[in-house]
Structures are given as C-alpha cells and as structure tokens.
Amino acid sequence: MDRNQLLRALPKVDEVLRQPVVAALELPLPVLTDLVRDRIDALRRRVLEGELCRLPSMDELCDEVCAAARVAAKPSLRPVINATGITLHTNLGRACLSRRAVAAAAAAARGYSTLEYDLETGERGSRYVHVEKLLCRITGAEAAMVVNNNAAAVLLILSAMGKGGEVITSRGELVEIGGSFRIPEIMEQCGCSLREVGATNKTHLRDYEKAICEDTRALLKVHTSNFRILGFTQSVSLQELVALGRERGLPVIEDLGSGCFFDLERLGIHDEPTVMNSVKAGVDVISFSGDKLLGGPQAGIILCKKEWINILKKHPLTRAMRVDKMTLAALEATLEAYLDPKRAEEEIPTIRMLAADPALLKARAENLYALLRERGLACEVIPEQDQVGGGSVPTQLLPTWAVAVDPRHVTVDGLERRLRKQADVPIIGRIVKDRYLLDVRTLWDEDFAYIADTVKEADQ
Ligand SMILES: *Cc1c(COP(=O)(O)O)cnc(C)c1O
C-alpha cells in the first residue's frame, strides 16, 4: 500500500470505540475518546513520516488502547515501593509518616475539627496553637509557628526581618538546595541585600564584625545540609555568632535545613546538628523542614524568641504560606512521639529506618532472600551502603544489607524497567555492578511476598 492508501485505511475513532473490548473499558467516554484519537494520530504521523508500511490490525490497535487505558485508569500520584535504601528519597516523597500521624491526618481530612476554634470559649482560635506548645516543650524554644515548608519559612523570616537592609552570611554557606532555591536569590526576593563575608573555605568572627554597619538587620547562618567543605576550613560557631549578635543588638537567624530532634551521633552519624543545640545556643530565629530528618509531614517549622513571633505571625506572607489541617494533624502526632525519645525511635519510620541495627537488616534481607529463592530466582544477600537522602548527611553512608537479584530471562535493565513500569505497585530499586538490588532498609516486611511475586513475574 502507498502512503495515501494507508492514510485512507486508518480506522475512524468511532469504529475503534465500538469494538467490544474497548466499549467494555471502564473509563469516562471523553478520556477514552482522547486515548483512541491519540493512538490513531500517532499512526497517521508515522505513516506521513514514512515509518510505517503496514497498519496494525484492529485487534492489535484494541490491545494498545486497552493497555493505555489501564495506565490512564491509575492515578498519577501512586504509591511505590522504595527499594533504594534511601530513607528520605526526595523524588519518592521524603519522610513516611507514623501510623498515628496518618490516622490524625485522615481524621482531620474526613470531618470538621478545632482547626481555628477554641472549645473553651466557643470562639475563633488560632491554627498555630496546636503544635506551638509541643514544639516549645520538645526544643526549649520560647515560641513557634509552622508554614508550608522550610523554603517558605526562610522566605518569611528574611522578608520580615531583613527587608530594606543587609543580612550577613558566610560565603561558605550560600547553599542551593535544588528547585532553584538559592540563598542569594532568595534574599533578593525578600528585599534584603546579601552581605557575603569570608571565603568559601574559611570565615572568621572578625569577618562578620567588620561587615556590620547601620544597614545590617541580621546575621544568618545556613546549615550546609547537602554539601560539606573539607580540608583547610574554618567557620564561626553558633555560640560566637550569638554573642556577636547580642553585643551589636542584631538577631541571629539559622536555616537548619533538616532540623533533627534525634541525636544522630548515637547512630554514628556525625555533623548533623540538633534543633535543641541551636535553641540552647540562643539563636533568635531557627527554621527547618518537617519532612526531612524530623520524619513528619512537609512543613516549615519556625522556632523563635518571643519578641519575633508576632512580627512573623502577622506578616502578610504568612497567610499565603499557611499550613493546612492535615499537615497540622500529622505534625502534632509526630511531635508527640518525640516527648519520649524511645517512642520516637519505635514509631517514626524515618528514625526507625535510620537507626536500624545492621544485624536486623541482615536478618530481614535473609527473609526476603528466602522468599525469592522459593520462587526459583537467582539472588544473594550482600552488604551495601545507603545514603540518608533529602539533602541530609551528604558525606556519610550507612551500612545496610540488600538482596542482589541476577535475572535469568531478562537483562538487569529490563528487570528494573519492568518493576518500575509494569508492576501494579511499582518497585523502585538500584542497579549496582550489573545486579538489581533490593535494599531492605526502606522496605516494609508486609510487602516482601508481593515483591517476591512481582520480581518472579518480571524475570520471565
Ligand atoms: C531542605 C532545605 C531547605 C528547604 O526545605 P523544604 O522543607 O524542602 O522547603 C532550606 N534550606 C536548607 C539548608 C535545606 O537543607
């Protein structure tokens, strides 16, 4: 057939929609129609480009439509199984919430709540009270509030405290966190000028001292959460910076990034400061994420001295960044667990995953291995190393155990692709040295049987 004959032979949309297998699909008609039209348009394009010298049969076309319909019927935001071992995987949604946090968020979502209602007086209340007391109790801070994420918190703080003046920051702390959030550009947005001091590797107290002038509004410290400067380095400690701020009557602001409540030193993770340490050092305003090392929902938590809280709460940006009821409910439940550090370790998945004993990880990997072997798969339990993720603890790896799968019937890339694209609940793993790794740190035991069945199905 020549090109014109092929074009004339293209089926009509209605004709495809009338085919019994297509008509039986449970998709809204407009969605199905678009789907069919897309397929036919694609065929037409390929004919015009001379790529096609034979049209698919009606059955083949229907099969394609059915496959596309199965994909279209699934939501775009879907649960996946994280087999990468990266606890705070930014692309996979960072922190997993505790059961209690999930239940609290669901209850807040389902019905009415005391979001802005005071049961005592029967009058309007504030959405910030639900977590403020808890945050103060846990961290020792004087006051607290919450916005949508830490990027918003930094924007608010700099807008409220630095506008029209200069904010002094070390050249070693001009962080970019991804998604084009860079400290220098944020300052510009906030209407304050960045006054850089020191060098990339070394900043001394005298650098800050010399830079202070009548336009100075604050001293800013940014935790270099996602990178480290090693070697010949020097930075000014929080204590020194706070002392300087006091002496000159300037507030010290700290963007802590992750904002950890848990002493990771205990797990052999170094250089990750705790929030309590910053509060104790006397920093005036501190901000950090809810869904990084804290292990809660996405949120930007601000701790501050009493004198700043009303300025922040009443700032016009605050309303634009206000946190929703599900987040507040999940955050309250997460924070409650921190009242007892043991409970935090048991309940909060992020802490539990990071704190997991390598011996336990090995035993879990052996359980998964046994299930895969039962299904005739070639695999091996191997020691591995994990990143923490979420732009936290960038230079340290945690020892872990994984099951390395050697597929028999497909390539390793093919296995990875099938598990990602075809599995009912997609499995996202890593390929290391031409083997497919299932890292147990970030897996749930109750998913093991599903994982084993699905890997078996993919290796055929
Ligand atoms: C992650 C991070 C942020 C942004 O926090 P989000 O909660 O993701 O908005 C800001 N500053 C630093 C230093 C960070 O590490």
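The figures follow:
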| read-out | value |
| --- | --- |
| Asp59-Arg37 pseudo-label distance in nm [points 7 Å out on the Cα-to-Cβ vector] | 3.0 nm |
| Cα centroid separation, region 203-224 to region 73-95 (Å) | 40 Å |
| Karplus-derived HN-Hα couplings along region 292-300 (A = 6.51, B = -1.76, C = 1.60, θ = phi - 60°), whole Hz, x at Gly and Pro | 9, 5, 5, x, x, x, 4, 6, x |
| Positive-pole candidate from Gln387, Ala218, Leu354, dipole of the chain, charges at beta carbon | Ala218 |
| Amide H contacts under 5 Å for Trp401, placed H, 5+ residues apart | Glu384, Val440, Arg441 |
| Under 15 Å, Cβ to Cβ, from Lys210 - net charge with Lys/Arg +1 and Asp/Glu -1 | -3 |
| Under-5 Å amide H pairs with Lys202, H placed in peptide plane, nonlocal only | Gln234 |
| Global form of the chain, assessed from the alpha-carbon gyration tensor, a/c cut-off 1.5 | prolate |
| Cα gyration tensor category, rounded, prolate or oblate, for region 170-266 with a/c compared to 1.5 | rounded |
| The chain - accessible surface per residue (Å², probe 1.4 Å) | 50 Å² |
| Where labels lie 7 Å past Cα in the beta-carbon direction, separation of Glu214 and Asp263 in nm | 4.8 nm |
| Hz values of 3J(HN,Hα) by residue in region 451-460 - Karplus curve (6.51, -1.76, 1.60), Gly and Pro given as x | 4, 4, 4, 6, 5, 4, 5, 6, 9, 10 |
| Inter-label distance, nm, simple model (7 Å from Cα along the C-beta direction), Glu185/Asp424 | 4.3 nm |
| Phi-based couplings in Hz for region 100-112 (Karplus 6.51, -1.76, 1.60; Gly and Pro marked x) | 4, 5, 5, 5, 5, 5, 5, 5, 5, 6, 6, x, 7 |
| 5 angstrom amide H check on Gly259, placed H, neighbours 5+ away | Ser289 |
| Dimensions (Å) - region 3-73, Cα atoms, principal axes, largest first | 35, 19, 18 |
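The values are calculated or read from the model by the stated rules, or taken from the named source; none is laboratory data. Please read all numbers here as calculations on a predicted model, not as lab measurements. Positions of Cβ are generated from backbone atoms using ideal geometry, with glycine treated the same way; all protein chains shown enter the neighbour counts. Accessible surface areas use protein heavy atoms only, side chains included; no ligands, DNA or RNA. Shrake-Rupley method; radii C 1.70, N 1.55, O 1.52, S 1.80 Å.
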